[in-house]
1. Which percentage, to the nearest 5, of the DSSP beta bridges contained in chain A is antiparallel?
2. Using a Gaussian network for chain B with springs between C-alpha atoms less than 10 Å apart, which of these wobbles most: B:ASN85, B:ASN371, B:ASN301?
3. May I ask you to report, in nm to one decimal and beginning with the shortest, the distances from A:ASP237 to the same position in the other copies, taking label points 7 Å along Cα-to-Cβ?
4. Kindly compute the accessible surface that chains A and B hide from a 1.4 Å probe when together, both sides summed, and give it to the nearest 100 Å².
5. Need one number: convex hull volume per residue for segment A:282-421, Cα atoms only, in Å³.
6. When you take every Cα atom in segment A:98-149, what is the radius of gyration, and what is Dmax, the widest Cα pair distance, in Å?
7. Using a 7 Å offset from Cα along the direction of the beta-carbon, what are the separations from A:ASN4 to the same position in each other copy, nm, ascending?
8. Can you give me the orientation-averaged projected area of the convex hull built on the Cα atoms of segment A:117-268, in nm²?
Number of protein chains: 2
Amino acid sequence: MDVNQRMEHMGKQAQQAARQLRHLPREAKDRFLQHLAQRLEAETPAILAANARDTEAATHLDAAMRDRLQLTAERIQGIAADVRNVANLADPVGEVFDERTLPENLQIYRQRVPLGVVGVIYEARPNVTIDIAALCLKSGNASILRGGKETYYTNQALLKVLQQALQDSDLPTHAIQLIEDPDRQWVHALLRLDRYVDMIIPRGGAGLHRFCLENSTIPVITGGIGVCHLYVDQGADLTAAVPVIENAKIQRPTVCNALDTLLVHEAELEALCSLLAPVMAKANVALHADEKAYAHLQQLNYPHLQKAQAEDFGTEFLALILSIKTVPHLEAALDHIAAYSSGHSDGILTQNQAHARRFQQDVDSAAVYVNASTRFTDGAQFGLGAEVAVSTQKLHARGPMALEGLTTYKWLITGHNSIRP
Amino acid sequence: MDVNQRMEHMGKQAQQAARQLRHLPREAKDRFLQHLAQRLEAETPAILAANARDTEAATHLDAAMRDRLQLTAERIQGIAADVRNVANLADPVGEVFDERTLPENLQIYRQRVPLGVVGVIYEARPNVTIDIAALCLKSGNASILRGGKETYYTNQALLKVLQQALQDSDLPTHAIQLIEDPDRQWVHALLRLDRYVDMIIPRGGAGLHRFCLENSTIPVITGGIGVCHLYVDQGADLTAAVPVIENAKIQRPTVCNALDTLLVHEAELEALCSLLAPVMAKANVALHADEKAYAHLQQLNYPHLQKAQAEDFGTEFLALILSIKTVPHLEAALDHIAAYSSGHSDGILTQNQAHARRFQQDVDSAAVYVNASTRFTDGAQFGLGAEVAVSTQKLHARGPMALEGLTTYKWLITGHNSIRP
């Protein structure tokens, strides 16, 4: 069998498993998850040994990547705790909504059901393997996982634990499958398996998302790319604004909900620069400022200062860099966001209610904030209990996507030997 | 400018128009639609003259296609009535749901908003031009339409009416754009316009849907392909079953919710054949029957009888053809449907409640029926007031999709200068 045939075989087996999974009551799924958590803890030595082989081979990776790749007993405990957390989440499957009686005395309602088979393509994060497998199983879906080649041995060890836990729980072992071969042609084949796979979730950088979009015949949940803006409005409470900007930029600069561009009303520019500069300087944030902001910051002797170039706007920095643009009014801020935002998270800092409303109505992003940090865009922070992805496309799920995003619905209609007139 | 640049320009203009449309109150949208209906009626002579040029050139089309293409004063009246119907539908935009207070005293809710820009690719049906433009506008979306080359002149005349109505209503004329050039490279360019277009809706045959899936980097609502099944269960009320089967097969055999395959429990086969044969014979339905059914139907001297071949199962006939398969029990019927259904509409005819439940839970189709004709799968029949498409994919919208399917939501969060802990 060639790659396409083998991938098709995996797809078929996943679909068969999915047909069993969709009938599982919540209890059976939670029992599996509790058992999986326990097995992960019990198999810690084997998982760590496999992980050591990966980390030893990862000499070409930078420190941050190596750190992501590395497992410890504590991190495995954390992964097991996450699995128990998923077991405790409500099960979205089975929810009935939109119940009505149609003419001809037809009873109709919609019922929430699993999607079927979910394909997940991710990079060197071994925690994703367990996390996504648990979320898919909890929502009644089969999953086909494709991890990075850097986690080859770790993923094999994790798959073994997953498979054993499925067997112990009398669940179909094809409910969770892993593409082990690192050759990229497997990803190509997976992306064209629309007969068997219902959704593709890429978890990684912009390149991976683009690759999936370009090559997939299966719906792709794109996202995770955040070019995030905060606009400091005329009359904003500047003393209160600074900690929000600090939180948005500094707390975790490498993630998608971190701030990239600060838009400032010209009337507030000088005062804001004075308040913000010491905070940003202390955290070694490089400021790429437009001409007006540059002039003020230069006067303040800001240590990491550059004149903003065209590419400083609309860029996700994923680093301690902040671009600053001065605007004459709210509408100019809205125009800038319309042109440069990636549709992830944008906010306004204002004391003007009408401006807050106008901003929330006009900005077409997944999460639109008033007087809050963009860092809140997250499944757990939004109270969803989990996060499968942060979608920046608009279909199906937008923003933080959790268990409900892994479901669809079907229409169930009951008649009395009814015919359409 | 080459095709890609010109298409990108259209996309940009559509996105700018969409930014205005999303602020429109319901009244403004309905006023436009009422005016459009009136303009269509007033411009009937011009539209009919353009349509005559198309129908005269359509000598290569078959009678059914030519009929679809043909407009009359009455049909234009019907199109105008449909537009008025859309004006009377509730506006889904603005709906607030999932309102909560998060820790840190953050107020959060989701608000239903337009998708933005919708691309629609369809064939020789001039009514779609007005229908889809009206539905997109009503839901606050800009649209880019691409009709079949057979309707070239008609669509130009309709576009003129649309543009005039937009101007008269002080709405941006780029809210509704038409790709006029029949060259297919325009469709290619449209399908890759993911920076500006949020959703692609193909309206046409399986080939068009496949073409969009293969070539689009924009989410595609695939659907419209119905390989539909009815299963006659052991103990079913056969006298009541026959009119349901008749309705599903005969009422309109060329549409996607028409019946393709009848599954019959072996205990009911002989009696059902006797009742069904005269009804099917009268309507000239060709029966492609498996061996057991063939034997019974041959004894009855059924006039249009063939032995079923492998390709008779899993085929959307779109014609007066029905394949028949005998099954030993419910599970075999479910296995057949799992293997051959296109996920559109399938049903069971039964008096056994447990079987009805098992069928509705196991069959993974957009619409799953008990004791009713598959012909009900339709936006109007389901009480949605309209139909943009019948989706057989599972993301975003499943089954009949109406105005709500043309919307998404955003998360609106209001804090008190809140930072993530």
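1. Beta bridges within chain A, antiparallel portion: roughly 30 percent.
2. Highest fluctuation of the listed residues: B:ASN301.
3. A:ASP237 label point versus its equivalents elsewhere: 6.8 nm.
4. That pair of chains buries around 6700 Å² in total.
5. Numbers: hull volume 27.6 nm³, N = 140.
Given the Cα convex hull of segment A:282-421, per-residue volume reads 197 Å³.
6. Just the Cα atoms of segment A:98-149 yield Rg and Dmax of 17.8, 58 Å.
7. 2.6
8. Dividing the Cα hull surface by four gives the mean projection, 11.7 nm².
The values are calculated or read from the model by the stated rules, or taken from the named source; none is laboratory data. Because the structure is predicted, anything quoted here is derived from the model rather than measured. For neighbour counting, all protein chains shown are included, and Cβ atoms are generated from backbone atoms with ideal geometry for every residue, glycine included. We work out accessible area using only protein heavy atoms, side chains counted, and drop any ligands, DNA or RNA first. Shrake-Rupley method; radii C 1.70, N 1.55, O 1.52, S 1.80 Å.
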